[in-house]
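What follows is a set of notes on a single structure, which appears directly below.
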Amino acid sequence: MKTLVPALLLLAACTSIVIAAPTPVPPVRAVRTNAPIVIDGVLDEPIWKSDNATTAFHQSDPSPGAPGTQQTEIRIAYDDEAIYLGARMYDTAPDSIVARLARRDVSIASDRVSLYLDPFHDHRTGYYFMVNAAGTVYDGTISNDGWDDGSWDGVWDAKVHRDLQGWTAEMRIPFSQLRFRAADQMVWGVNVRRVLPRANEEDFLIFPPRGESGFVSWWPELHGLDGVHTSRHIEVLPYATTKAEYLDHSPADPFHDGSRYRPAAGADLRTSLGNNLTLNATINPDFGQVEIDPAVVNLSDVETFFDEKRPFFTEGNGVFHTGNNGANDYWNFNWPDPAFFYSRRIGRAPQRDLSGYDFADPPSGTHILGAAKITGQVAPGWNVGTVQALTSREWADVSASGEHSRLEVEPLTYYGVYRFLHEGKESRRGIGMNSNLTLRDLHEPALASQLNRASTMTAVDGWTFLDHDKTWVVSGWGAGSYVTGEASRIAALQQDPRHYYQRPDASYLHFDPNATSLRGYGGRLWLNKQNGAILANSAIGFISPGFENNDLGFVWRSDLINAHTGWGYQWNKSNHWRRYANVLGATFASWDMGGTHTQQGFFLKGRLEQQNGLSWSNTLNYGTRAMSARATRGGPYMIEPSYYSYSAHFDSDSKRSRFYAIDVNVAGDEFGSQNTSFNPSFTWKPSSNVSLEAGPSFERNIVDAQYVEALTDAGNTATFGKDYLFAHLDQSTAAASIRVDYAVTPALSVQFYAQPLISSVRYTGYRTLARPRTYEFNTFDAAAAGIDRDFTFRTVRGNAVIRWEYLPGSALFVVWTQTRTGFSSDGEFRLHESLSDVARVKPDDVFLIKVSRHFEL
């Protein structure tokens, strides 16, 4: 750690490169219209023939700053209800326009036009609305001066039309979908982008040159929005579903006969609280149409993180992003950055352990009685957000030795998230706070011993730029957590893989079996240089052993100090063959809170983007020998061997009808562990409305000393009364991701997804750790002990989704989901045989029909 501190100080002292100020762009003017505009893509209304056209578009690619190769002309209009865009994309070769149809928000190479709006004019946040030449629409939100989030789905309309001059587009965006501060004369930020994939060209009104940070802060102003005073709008989205489940079951199972039918109904509500805030609420929400999670085989002590896919939680969640604001890039090396709000904790599967019963019938998810979310700005620069949710008490029928009973498996639970973020002038500095609160109504003793009664976490984050040109920025966060519960629960929490308080040779840790609470803290500080050809990034952070935020967040692990310092160089100026290139290097290290050195290494990466659309990258890591505090899973320290890893990536031009990508990874350590993976992928667009993607993968993972379990052995004083059992692991995994998208119209699509996975694991050479802080072992007779951990896991899972947006904001879903899973104890990797075996497995089939209707009151 001592070697890193001077490097951090040197980085802070370095002189930044002065960046030229952007060339001013004249304001874009919106014109009020009193005549109706029919959204049909044809620019035949008088307003689209006015003299307020904006035509000064310049390339960001492939020739930054040069005028667009094709003329573009846009006009913006408005009335009391909506803002409109009329765009004429001239094209000297109209028969070469790329017009590919896709499902809403599915990115596909096509001619398209985008409207960007910054209604708060805070130079940091905004919305985007896109339509391509086939009529597919995209939308989303922007935060942190350039981070986009496509999960937001507004209710708006866009149509396109093609003719001999090129193509045209019309958009109508109701003011009710936007948050802004109403005034007699408003000034917004605005930008427009045109994409011509056949020329690899992107044109903007204004764009940040390569090597300079930001996006929203560069936009020109939008003038002319005078006298807009919107009334309060209430949007209601009632829904109804019916679900049929046909599941594999044991003939002796008293709770399942193989089929089940479940109707349901509920409603979502969205309304404005003034012009600045949005309220989203849901009653009895349904999440049945979301795509299934991928299959994984996890042999580590770290929980698998799955992305949130439920629309209520994904839409507009940018305000809840905590810890990484201000800078445009954050480097981390083996740093487990916490997710301060992880919404998948709300409505997750009931958590009571039912492994002691012969049969059980718990619900697949905890029922959300109701949830509400408020987001927006209460004053200029003051962003706020809150989520409030209540989940029900859940029950399960269980059976043991023929005796049936009914058990509580999840208590009534309250979840609360509170967030604010204040930004200074020109977003040069900011400070925010995020607080989480979870409260459980625990009456059942078995649940009280397994779940926290209450937990809270508060994080403070912020940033400040150090210079006028926004080249250097310091950002970071600090957080504290507090958890309460029964002594048995807090004891188990202390021994959880995230904390490992029971480690026998960690004198700074104190396991307390009688404790009824657990406290922790953490923090991280970054220094980033984000403009110019020279890049620099350094950070230092820590997480105490007691930091716990997994009731409403996600903490991978705790008990560490981590730091890095890195430099890089980027070639921002393109030439005849190179579009962009960079090279990055860093050194990093970690310690536990007792000061033991747990990691030190070096990192080198290079990336190249060619003018023909090809992209390459190579990454090399090397780590020196250190001491592992986690290899024995709560036991003593053990040597962490020195290691290396190399990865290479290549992809072709994604704008072509055929797209290829290849990832290769090779890693190993000084004691013979090896990991090799090969991941090619292929996308083919045989027609303008069909896309096929296939991504096979293969991984061979050989671990010289894989943890198996800890066996009590009072006579083994060398390792504190336990035998820490390891084995040589040989794992082979083959998988594939297959996706087919067929867009019938911009509003009607069919999507198919499938993922086969086969993973075989063999354990040989069982042995026990001889002494702490070594890599020495004693032989162990696993056969005599009856230990055999070999297995093969086989699964195929997938779904098919028909989605029809029959009216703006109103949709019909028809979903079929199927899962086939097999398991054997042979540990032999036989691909053809495993595929045949899983094909013979009786599937679990789920059919769902959902219809929703959007009303605006």
TODO: Answer yes if at least one residue in the range 599-609 is in contact with a helix residue (DSSP H, G or I) (Cβ under 7 Å, 6 or more places away or on another chain), open to solvent by less than 20 Å² (accessible area, probe 1.4 Å) and at pLDDT 95 or above, and no otherwise.
DONE: no
In the range 133-146, residues that are polar (S, T, N, Q) and without any contact (Cβ under 8 Å) to a residue 40 or more places away in the chain total 0
Item to complete: For residue 763, indicate whether it is open to solvent by 20 Å² or more (accessible area, probe 1.4 Å), under 20 Å from residue 632 (Cβ atoms), among the aromatic types (Phe, Trp, Tyr) and in contact (Cβ under 8 Å) with a residue 60 or more places away in the chain.
Response: yes
Within the range 228-258, the residues that are assigned to a strand (DSSP E or B), open to solvent by less than 50 Å² (accessible area, probe 1.4 Å) and closer than 25 Å to residue 357 by Cα are 245
Scanning the range 129-147 residue by residue, those open to solvent by 20 Å² or more (accessible area, probe 1.4 Å) and within 25 Å of residue 186 (Cα to Cα) turn out to be 130, 141, 143, 145, 146, 147
The residue that is least open to solvent (accessible area, probe 1.4 Å), considering only those in the range 674-707 that are touching a Lys or Arg at 6+ places or on another chain (Cβ under 6 Å) and assigned to a strand (DSSP E or B), is 691
| message | within 30 Å of residue 797 (Cα to Cα), in a strand (DSSP E or B) and at pLDDT 90 or above: is that true of residue 169 in this structure? | response | no
Note on the range 175-203: residues open to solvent by less than 20 Å² (accessible area, probe 1.4 Å) and small (Gly, Ala, Ser) are 176, 189
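Just give me the residues in the range 708-726 being part of a strand (DSSP E or B) and either more than 24 Å from residue 786 (Cα to Cα) or without any contact (Cβ under 8 Å) to a residue 12 or more places away in the chain (or both), in sequence order.
Scanning the range 708-726 gives a single hit, 712.
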Test: residue 775 is in contact (Cβ under 8 Å) with a residue 40 or more places away in the chain, open to solvent by less than 70 Å² (accessible area, probe 1.4 Å) and assigned to a strand (DSSP E or B) | no
Residue 539 being under 23 Å from residue 480 (Cα atoms), touching a His at 6+ places or on another chain (Cβ under 7 Å) and modelled with pLDDT of 95 or more:
yes
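Scan the range 48-60 and give yes if some residue there is open to solvent by 90 Å² or more (accessible area, probe 1.4 Å), at pLDDT below 95 and not acidic (Asp, Glu), otherwise no.
Yes.
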When residue 150 is run through (1) open to solvent by 30 Å² or more (accessible area, probe 1.4 Å); (2) out of contact with any helix residue (DSSP H, G or I) (no Cβ under 7 Å at 6 or more places or on another chain); (3) farther than 22 Å from residue 278 by Cβ, the failure sits at (3)
If we keep only residues of the range 579-598 that are open to solvent by 30 Å² or more (accessible area, probe 1.4 Å) and among the hydroxyl-bearing types (Ser, Thr, Tyr), then the residue nearest to the chain's Cα centre (by Cα) is 587
The correct count of residues that are polar (S, T, N, Q) and at pLDDT 95 or above in the range 655-711 is 11
Output for Cβ contacts, cut-off 7 Å, separation at least six or different chains, first residue outside any strand (DSSP E or B) in the range 416-438, second aromatic (Phe, Trp, Tyr), reads 428/465
So, first residue under 21 Å from residue 777 (Cβ atoms) in the range 671-682, second residue assigned to a loop (DSSP other than H, G, I, E, B), Cβ within less than 7 Å, six or more apart or across chains; the pairs are 671/641; 671/775
Considering residues that are over 17 Å from residue 431 (Cα atoms), hydroxyl-bearing (Ser, Thr, Tyr) and assigned to a strand (DSSP E or B), the number found within the range 448-478 is 2
Filtering the range 519-565 for residues that are of a type in the set (A, V, I, L, M, F, W, C) and open to solvent by 10 Å² or more (accessible area, probe 1.4 Å) leaves a count of 9
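The values are calculated or read from the model by the stated rules, or taken from the named source; none is laboratory data. Bear in mind that the values here come from a model prediction, so they are computed numbers and not experimental data. Because the Cβ atoms are built from the backbone with ideal geometry, glycine has one as well, and the counts that use them run over all protein chains shown. Keep in mind that these areas ignore ligands, DNA and RNA; they rest on the heavy atoms of the full protein, side chains included. Shrake-Rupley method; radii C 1.70, N 1.55, O 1.52, S 1.80 Å.
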